[in-house]
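For reference, the structure discussed in these notes is given below.
The values are calculated or read from the model by the stated rules, or taken from the named source; none is laboratory data. Everything quoted here is computed from the prediction, not taken from an experiment. So basically every Cβ, Gly included, is an ideal-geometry build from the backbone, and we count neighbours across all protein chains shown. These accessible areas exclude ligands, DNA and RNA; they are computed on the full protein's heavy atoms, side chains included. Shrake-Rupley method; radii C 1.70, N 1.55, O 1.52, S 1.80 Å.
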Amino acid sequence: GFEHRTMETRILEPRQRPAGEHLEPRKPKDPKWRAQHGDLRSDLGPMFPIVNLRYPDGAPAVQCQADGSGVATYPSGRKAVCVLPHHQSRRFSCLVYARNEVPVRSAVPDEERPKQRPPHPDDAKRRRTRHLGALDDWGMGVLEALDDGGGRGSYEVTATHVTVVNPGPAGGRTRLARRPDATPFSAAERPEVPSLRLSPDLMVTYDLATGTTSLDFSCGGISYTFHIGEVWKLGSGSGLRVTRPLEVAEQIELASQKHLDSANGKMETTLKLQATLKNSTSCPSLPAADKTLKKSNSEATMRLPLEHFQTLSEGRLDFKQEHQLKVLTGKVHPSLARPKISKTMREGYMWPAAHPGKVPVDPVRIAPPLSLEKIASHEVEKRAGSLEAGQLLAVLVVASWSKQSNYSSSAHAEIVAQAAWSELKASGEDRLIFCLTDLSEAGAIYSSTKFENPLVVKYGVKEAPWLLLFARGELILSENPHAFGHGGGLGFAARLRYKAFALPQVLIVEPTPNPSALQQQAAQVAQESNGRLNGTQNVVNNFQLQLQTQEVLKRGGYDFELAICSSDAMRLASCASPPYGLLLCSSQVPASAVAELTARMRQRNPKVLAFLCHDAKQLGGFDEATQNLIDQQQVAGVIYRPITRSSLQRALRGHPEANVQYPTCGMVKEDLVDLLKLKLGSL
């Protein structure tokens, strides 16, 4: 059987702190922080000089960037060393590779491996590699040397020790403890510096003072040293070269830089732009070249002497920013001060005549509402009998129980009556007497008991609010009046927010062709097809046109009705309620029928708009009668097919009658004033 072994996990154990981690400066308040005047920067860390070393044949050997990252390459083009920065270039890690592939030793012997898996063609490739090892950004890791016949050496750095194994008979194993505080060794106890040659091109050395690793690369006459680990401990005096951003920029060489420098030098020495500090309103003319300097003669201008071009820059302002040019120009050419307008100029163009004064306009006078006289229900008959000839008594019947309703509010009716009476009194109307009575003080409206309401029995009051008008002692009006042209009573006034009511109702006149006309058109098409369809007139599909027009009106929110002949259109125009406000008539309808239909519709709605729908591609131009109808402006315009929503809106543009106009429901002050004036005029 199998032996069961318990595996102890180390995941929950605390992480070991690398040596020197607590000594690394992290905050600007740390006294060891050297960001302001030292080698480190507070924002980006240290910067390193750009390195670009090449072999004699021009192939790249060592290349390093400003952040310290770099790559060393063998002459064959393969990578040798890869260095990466960490923590703002304060720590570095590396990957090390050999020149050629070497066999990999396995910890499991071949005879002990399972034999179930068949051999794979890539097994030999998997057992060979160029990777010699790696060190992390804390300088910890393992590097192995090439086997030169005496075995493979190794270089291992842990959090507490450094172990170096040198191969061969004269070699051995060296193990040193790392000092966390990086204190220097004394002369007596100073050990040998641990180092190991990984390959003929690579040499690794451990620094006892700083705890870092130096990796020396030497190949093809090129030598360079990489520092691995906590390189911030090295400082500028330990072989670590640190630079500034300006020095990095100076090392960048451009092929066109010398041409730019030479052109800049010639401009400064020839034109002397730095010495000019004045500006003229225009470019000065050349004294000796007025005859040769022309707009169209550029060749002659370029042949002028250099002295003439130097005069062009005289009087110019030297500036570096646009706002500086504006300030200097304002000083040289100050803006003109606004002249003070004298008293004689205030009258404008009529000076020296006297000012005619303001335009005479009647001031808007708003009459304050007047309170209505309150009378009891049994006093209405007495007040009506005491009227003189030509007087009108108006009695507004309200109820206390209906003043809180939003749809039959006695409070609204009382306000409208007060405003109407104040306007009539302000206009000089003295024949009107307006009173107010409460319906609820004399009994219910519907009652057959002894508490019968006299207003209900005598004057037929049915609801509150209610209006009673008396003249010559007799009742002439007893109703809840409605405004002219729209519904709603005296108790409220509101707008009907329905788009179907706000847009004009449309009448579509699209005649259906009779069978004889269709046969005649089909015979004409068949006859003309023998002549290669010259002057062919296609048969118009009136049913499709009806559907297209209805779809456009439906998308526009219009309410419409369809008439398929002239007699149906005349009948609908005579009895439609509300009357139509828009007519879309086909151009196939005779002109006489169109004129008669529009005249009938204007009798009920003078603002009706009539349009002809014409298909110029299928029907050609208009006949003489239809053209006369258009010229006499009996129709508002022509809408060409196919009809779209945009073409319909374009045709209705400029006609306010077709805009959205929400009707008013209920009575306002103007409606009640018109009603009272009408009754006063009939006395």
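Can you name the residue in segment 211-224 that is in a loop (DSSP other than H, G, I, E, B) and open to solvent by less than 20 Å² (accessible area, probe 1.4 Å) and, of all such residues, is nearest to residue 52 (Cα to Cα)? Only one residue fits best here, namely 212.
When 581, 556 are screened for being touching a helix residue (DSSP H, G or I) at 6+ places or on another chain (Cβ under 8 Å), in contact (Cβ under 8 Å) with a residue 24 or more places away in the chain and surrounded by fewer than 18 Cβ atoms within 10 Å (Cβ to Cβ), only 556 passes.
Let's see how each residue does on (1) open to solvent by 30 Å² or more (accessible area, probe 1.4 Å); (2) acidic (Asp, Glu); (3) in contact with a Ser or Thr (Cβ under 6 Å, 6 or more places away or on another chain); (4) under 22 Å from residue 503 (Cα atoms):
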position: 633; (1), (2), (3), (4): yes, no, no, no
position: 643; (1), (2), (3), (4): no, no, yes, yes
position: 647; (1), (2), (3), (4): no, no, no, yes
position: 652; (1), (2), (3), (4): no, no, no, yes
position: 657; (1), (2), (3), (4): yes, yes, no, yes
position: 675; (1), (2), (3), (4): yes, no, no, no
position: 681; (1), (2), (3), (4): yes, no, no, no
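Being surrounded by fewer than 21 Cβ atoms within 10 Å (Cβ to Cβ), among the β-branched types (Val, Ile, Thr), within 57 Å of the chain's Cα centre (by Cα) and on the phi < 0 side of the Ramachandran plot is a property that holds for residue 129.
For segment 62-81, the tally of residues that are surrounded by fewer than 20 Cβ atoms within 10 Å (Cβ to Cβ) and either among the β-branched types (Val, Ile, Thr) or out of contact with any Phe, Trp or Tyr (no Cβ under 9 Å at 6 or more places or on another chain) (or both) stands at 4. Of the residues 87, 120, which single one is within 17 Å of residue 212 (Cβ to Cβ), modelled with pLDDT under 95 and open to solvent by 60 Å² or more (accessible area, probe 1.4 Å)? When all the criteria are applied, what remains is 87. In segment 620-641, the count of residues that are touching a residue at least 40 places away in the same chain (Cβ under 8 Å), touching a strand residue (DSSP E or B) at 6+ places or on another chain (Cβ under 9 Å) and under 30 Å from residue 409 (Cα atoms) is zero.
Is there a residue being more than 48 Å from the chain's Cα centre (by Cα) and either surrounded by 13 or more Cβ atoms within 10 Å (Cβ to Cβ) or hydroxyl-bearing (Ser, Thr, Tyr) (or both) anywhere in segment 603-613? There is at least one residue in segment 603-613 that is more than 48 Å from the chain's Cα centre (by Cα) and either surrounded by 13 or more Cβ atoms within 10 Å (Cβ to Cβ) or hydroxyl-bearing (Ser, Thr, Tyr) (or both).
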